[in-house]
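Throughout, read-outs are computed from the coordinates displayed, never taken from laboratory work. All figures in this text were calculated on a predicted structure; none of them were measured in a lab. Cβ atoms come from the backbone with ideal geometry, glycine included; neighbour counts cover every protein chain shown.
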Amino acid sequence: MNGTGPSGGHIEHDGLEIAYLDWRGGTGSSGADTVVVVHPTGFCAGVFHPLVHRLADRFDFIGVDLRGHGASQTVTAVEDLGNDQMALDVLAVVDHLGISRFSLLGVSLGGAVAIEVAAIAPDRVVSIMLCEAVVIDSRVRGSSHYAYEEGEHPMAVAARRRRQVWPDSATVVESYGSRPPLQVLDPEVLEAYVSWGFVDTPDGQVELACAPDIEAYVFGSAERYGATHTFERLADVTCPASVLAGTDTNLELQWFEAQARILDTELVLVDGSHFFLFEDLDRGASLILKHLP
């Protein structure tokens, strides 16, 4: 990929190793505004690299691999995957890096975690940009396709069906790039996801860094601190906020309309899917410049 890659590191928090990427060139803060990027379920911080490359002269970027994702330590129990726990991991990383104030950019699950961070540390968060944050009013969850009556959540079932081991990275890129839902990603983003979101196996193959079970646990989080719990935290977000959604999303627009109302902002619709931020990189960079001034 174009540009200089980030440095990586780990901290220990809550008994887990949490990985992060630092795009500041190894020199600490450049004096630019700091943006902490938080990724969707199943992804990793590296997926933001193509966008970061386009905006490196405007922001200092830090990315966190949420627990169970990317290079962070895996977890084996759903009770260890709460949005609140992940938010504390993010804060532990920025504390480790000596960052006192920062903005947040969160996509999907990352948006929910960003809301938790902003609610926990209101004096430190300058602004927040939410791209289809999976945060749901419990009063409407039952009427949406996200609801389920018994057994495992259908999105969790789908996650468990994901192929975990592949012959090589090129095969992953070819497969993911030809079918939903990842065929909409810009090729640079897909390459970044495969680069940082897979690990080499001893027999020469590649394996998902985020095991399908982890994705399933997150999608199925009904009891542990999840989407409806974080919805209640929106009222505690005091910084300027932007709420964006794709026109062709497979989620419910009413979720994002409700978020915008509580945050006293207008819902911004962008042509594209749930992953609209990663579909057109020039447009994505422009959106970030507009909504994280």
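Would you be so kind as to identify which of SER178, GLY284, SER72 lies farthest towards the positive end of the dipole of the chain, taking Lys and Arg as +1 and Asp and Glu as -1 on Cβ and the Cα centre as origin?
GLY284
Suppose we take every Cα in the chain and form the convex hull; what volume per residue is that in Å³?
Convex hull volume per residue, Cα atoms: 123 Å³.
Which ordering of TYR217, TYR225 is given by a fewest-first count of other beta-carbon atoms within 10 Å?
Fewest-to-most Cβ neighbours within 10 Å comes out as TYR225, TYR217.
What shape does the stretch 45-138 have by the C-alpha gyration tensor, where a ≥ b ≥ c are the square roots of the eigenvalues, rounded means a/c under 1.5, and otherwise prolate means a/b greater than b/c and oblate the rest?
Note, shape of the stretch 45-138 comes out rounded.
Could you list ASP33, ASP200 so that the one with the fewest beta carbons within 10 Å of its beta carbon is first and the one with the most is last?
Arranged by neighbour count, lowest to highest, ASP33, ASP200 become ASP200, ASP33.
Between beta-carbons, use under 15 Å as the cut-off and find the net charge around ASP248, counting Lys and Arg +1, Asp and Glu -1.
-4
Express the relative contact order of the chain as a whole percentage, based on alpha carbon pairs under 8 Å and six or more residues apart in sequence.
Result for the chain is 21 percent.
Taking the Cβ of ARG101 as the centre, find all other residues whose Cβ is under 14 Å away and add up their charges (Lys, Arg: +1; Asp, Glu: -1).
-3
Taking K and R as +1 and D and E as -1, what net charge do the other residues with C-beta under 13 Å from the C-beta of ALA133 add up to?
-4
Please work out whether the stretch 59-108 counts as rounded, prolate or oblate from its C-alpha gyration tensor, where a ≥ b ≥ c are the square roots of the eigenvalues and a/c under 1.5 means rounded, while otherwise a/b larger than b/c means prolate and anything else oblate?
prolate
Among PHE43, VAL165, SER127, whose Cα sits farthest toward the positive end of the charge dipole of the chain (+1 at Cβ of Lys/Arg, -1 at Cβ of Asp/Glu, about the Cα centre)?
SER127
As a test of the formula, what do you get for the chain when each DSSP H run with n ≥ 4 contributes -39,500 (n - 2.57) and the sum is divided by the residue count, at 222 nm and rounded to the nearest 500 deg cm²/dmol?
One gets -9500 deg cm²/dmol as the mean residue ellipticity at 222 nm.
What is the order of THR249, THR265, THR41, THR238, fewest Cβ neighbours within 10 Å to most?
Ascending Cβ contact count within 10 Å gives the list THR238, THR265, THR249, THR41.
Apply the Karplus curve 6.51 cos²θ - 1.76 cosθ + 1.60, θ = phi - 60°, to the phi angles in the stretch 33-41 and return the couplings in whole Hz, x for Gly and Pro.
Rounded to whole hertz, the list is 5, 9, 10, 9, 9, 10, 8, x, 4.
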